[in-house]
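Novice: Just dropping this structure here.
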Amino acid sequence: MNTAYPHLLEPLDLGFTQLRNRVLMGSMHIGLEDKARDFDKLAAFFAARAKGGVALAVTGGFSPNREGWLYPFASKLSSKREVGPHRDVTSAVHEAGGKIALQILHAGRYSYHPLSVSASAVKSPINPFKPRAMSERGIRSTIADYARCAVLAREAGYDGVEIMGSEGYLINQFTAPRVNRRDDGWGGPIENRARFAVEIVKAVREAVGPDFIIIFRLSMLDLVEGGNTWDEVLFQAKAIEAAGATMINTGIGWHEARVPTIVTSVPRAAFGFVPEKLRPEVSIPVIAVNRINTPEIAEDLLARGACDMVSLARPLLADPEFVNKAARGGAQDINTCIACNQACLDHTFALKRASCLVNPYAAYETELVRKPAEVVKQVAVVGAGPAGMTAAVELAERGHQVTLFERGKAVGGQFRLAARIPGKEEFTETLRYYTRRLDTLGVTVRLGVEVDIEMLTDFDEVILASGVTGRVPAIPGIDHPSVLQYAEAIEQSERVGPRVAVIGAGGIGFDVSELLSSAESTALDPAAWYAEWGVNPAIDSAGGIAAKATPASPRQIWLLQRKKESLGKGLGKTSGWVHRSSLRDRGVHMIGGVHYERIDDEGLHIVVGDEPRTLAVDSVVVCAGQLSDRSLEDPLREGGIPFHVVGGAHEAAELDAKRAIRQATEIALKV
Ligand code: NAP
Ligand code: SF4
């Protein structure tokens, strides 16, 4: 056994069954669960993670009945004829040496359809549909539906089920007074509010027998007004253990909570203190969750006794071999999840198949297949941003001889800039990963080289990944000494004065404003982060919330755009609100519908509506999008050298690393 992670790699004895290590793959809705015809892809997805060493995976949520659907015709397991396709998944995982549990998830008032039900008829702020309060009969039949779903899961070959009792879904709607306004035996004191959860666990245990894993995902920190107190959480945990659960998984925050729980600016293992507080109070294994993305973090939680298992979800999208790599001492080779949500959760919420920004193979295991090159070629890759690095690595993986040219002093391109933004420190992990892969695969990396066509004539093919240059808007005075391009402002932020206007409010305008309004990164300081977002680490308030205490901005900032809509609309679905909220809390002025008049010694002159205004700023930072740099395209065409254009060089509009990495992968697989 690798001695670096002895706790992580230690088997866990559950009595009737053993888990080979302490890694649980947490539930994620991939978007392949809803239709039987996608189950072969789902099987390949889980099999890859089981091959990679995961001890126990949990599927995305399956509803025990129609009312509990996340949306119409979403994943459900309530009848015998739905069992068949699941057998493909369970047998693929078992063949790969892993175990798998089915998550039973009744969405309650989070169901996006008019049949939704809940403890009480209290609408959620994030769903237009108002639920119907469940009747006594409805409650009883729903409990029976959970039990039936678990029996069907067992028939399908699952090793267990996870009962989703957190994140603000149905069971959580019963346990917390936020939604539960009942005055019958299912509402009022915690003994009554917890009854639904307890009865479900009892019914499931009775139906499946003693030798079947039951994980209960317990909401330990609701992070909303009207959440449970710690005493109420403890009551539930003990009652759920007594009812027959095998393990307790941690749930942090309702979906409607205004505290970020998993985005990249959340410190690593920020919520480890929660299962740590529960563990001494119960005698069944407790699982820790959220922002555990390296074997070191996982090992630390286990070694300090915070939990018995760690739940990793997105990190296993990013690298299915996470556990095996850790076990063989190759943690440096792990493709680390940077918690960006761009290709996983943002896809899920847009009802698209989830994948991974840093690993486009995720959930495409049967469609995106890397095969050795039939003819080994000499390939030049021009530009070492995300697209160029990916192309170089993928080509080298296939056996091609690759030279990667970069005009800068280091690889990384726009990603290197992103990594300097407070709260985006994780992005350095991707740079570390690519640097390591380039080195291991023997790619020749030539830094500080301005490539011209003569340097490319001896190559069989060229990948043009020359990236982008910042757009210079035609505003009178744009060459004034107070004006900086975003790259300069990020790399030399000390040049930016105390009053600053940011032109352009796309992802980069927001990032630059984050950088300029932060004295330090709270992502690296959990105590400061709890204070910033109003998390109470002592958990002596209901829901674990406290008043927010945002650190003051060292600069006065105006973030501007020409569009009349509210700023930040185009940001990620699951992360945009965090950026908007963080800038608002720091007093950044966000103004839309701006016309830029001129820049001079007085500052930036704008017109908003009909009103002319002068922003008396010391600096103006331009974040007005990008233009493709494809200056080598014509010479390559004229020289008759086969080439492919990828990433920002291909198309600058709406460019992001997700598209760049995926496109570069797809092209590299065809060379
Ligand atoms: P962007 O999203 O295209 O935003 C450019 C901004 O500049 C817009 O606000 C646009 O708004 C403004 N603009 C465009 N042309 C202009 C002109 N001629 N004069 C003045 N303003 C102009 O580009 P970006 O912010 O540079 O980001 C590039 C890409 O990187 C994005 O597409 C994004 O996907 C990615 N990125 C993502 C994140 C993230 O957190 N996910 C972070 C950073 C970057 P108006 O036209 O309304 O003024
Ligand atoms: Fe992690 Fe981003 Fe990949 Fe999602 S898309 S798994 S958050 S790296």
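Novice: Using the per-residue mean of other Cβ atoms lying within 10 Å as a proxy for protection, in what order, highest first, do the peptides 172-183, 502-513, 133-144 fall?
Specialist: Going by the mean number of other Cβ atoms within 10 Å, highest first, we get 502-513, 172-183, 133-144.
Novice: Taking a 22 Å limit on the Cα-Cα distance, which of the listed pairs Lys51/Lys658; Lys80/Lys123; Lys51/Lys371; Lys325/Lys658 fall beyond it?
Specialist: Where the Cα-Cα span goes over 22 Å, the pairs concerned are Lys51/Lys658; Lys80/Lys123; Lys325/Lys658.
Novice: Defining a contact as two alpha carbons under 8 Å apart and six or more residues distant in sequence, what relative contact order in percent does the range 572-671 show?
Specialist: Answer for the range 572-671 is 14 percent.
Novice: Same structure, new question: Taking all protein chains together and a probe of 1.4 Å, list Arg398, Arg446, Arg637 from the most accessible to the least accessible.
Specialist: Arg637, Arg446, Arg398
Novice: Once the Cα gyration tensor of the range 537-671 is found, what semi-axes does its equivalent ellipsoid get, as square roots of 5 times the eigenvalues, in whole Å, sorted largest first?
Specialist: The equivalent ellipsoid of the range 537-671 has semi-axes of 39, 27, 12 Å.
Novice: Could you give the accessible area per residue of the range 12-349, probe 1.4 Å, as a whole number in Å²? Before the final figure, lay out the partial values.
Specialist: Numbers: 10640 Å² over 338 residues.
Accessible area per residue, the range 12-349: 31 Å².
Novice: Here is a further query. How do 240-247, 460-467, 569-576, 111-118 rank on mean C-beta neighbours within 10 Å, highest first? Numbers along the way, then the final one.
Specialist: Numbers: 240-247: 21.1, 460-467: 25.8, 569-576: 17.2, 111-118: 19.6.
Top to bottom by mean Cβ count within 10 Å: 460-467, 240-247, 111-118, 569-576.
Novice: What is the helix-to-structure angle for 657-668, meaning the angle in degrees between its Cα long axis and the longest Cα principal axis of the chain, kept from 0 to 90 and rounded to the nearest 10?
Specialist: 80 degrees
Novice: How large, in percent, is the carbon and sulfur part of the accessible surface of the chain at a probe radius of 1.4 Å?
Specialist: 50 percent
Novice: Also, I was wondering about something else. As I understand it, the value is the acute angle between the Cα axis of helix 230-243 and the longest principal axis of the Cα atoms of the chain; what does it come to in degrees, rounded to 10?
Specialist: With both axes taken from Cα atoms, the answer is about 60 degrees.
Novice: Related question: Please work out the Cα center distance from the range 542-563 to the range 468-490, rounded to the nearest Å.
Specialist: Using only Cα atoms, the two centres lie 26 Å from each other.
Novice: What is the local net charge at Asn341, summed over the other residues whose Cβ is closer than 11 Å to its Cβ (Lys, Arg +1; Asp, Glu -1)? Walk me through the intermediate numbers first.
Specialist: On the way: positive: Arg314, Lys573, Lys658; negative: Asp346.
Net of charged neighbours comes to +2.
Novice: Could I ask something else about it? For the chain, find the longest principal axis of its Cα atoms and tell me its angle to the long axis of helix 427-440, 0 to 90°, nearest 10.
Specialist: That helix lies at roughly 70 degrees to the long axis.
Novice: Counting only Cα, what are the radius of gyration and maximum Cα-Cα distance Dmax of the range 12-349, in Å?
Specialist: 18.4, 57
Novice: Let me ask something additional. How big is the antiparallel share of DSSP beta bridges in the chain, given as a percent to the nearest 5?
Specialist: Just about 20 percent of them are antiparallel.
Novice: Shifting gears a bit: For n ≥ 4 DSSP H runs only, could you compute -39500 (n - 2.57) per run for the chain, divide by its residues and tell me the 222 nm figure to the nearest 500?
Specialist: Theoretical 222 nm ellipticity from helices: -8500 deg cm²/dmol.
Novice: Semi-axes, largest first, in whole Å: what does sqrt of 5 times each Cα gyration tensor eigenvalue give for the chain?
Specialist: The answer is 44, 32, 22 Å, longest axis first.
The values are calculated or read from the model by the stated rules, or taken from the named source; none is laboratory data. The model shown is predicted, which means the values in this text are computed figures rather than measured ones. When we count neighbours, we look across all protein chains shown, and the Cβ atoms used for this are built from the backbone with ideal geometry, even at glycine. Areas reflect the complete protein model, heavy atoms only, side chains present, ligands, DNA and RNA absent. Shrake-Rupley method; radii C 1.70, N 1.55, O 1.52, S 1.80 Å.
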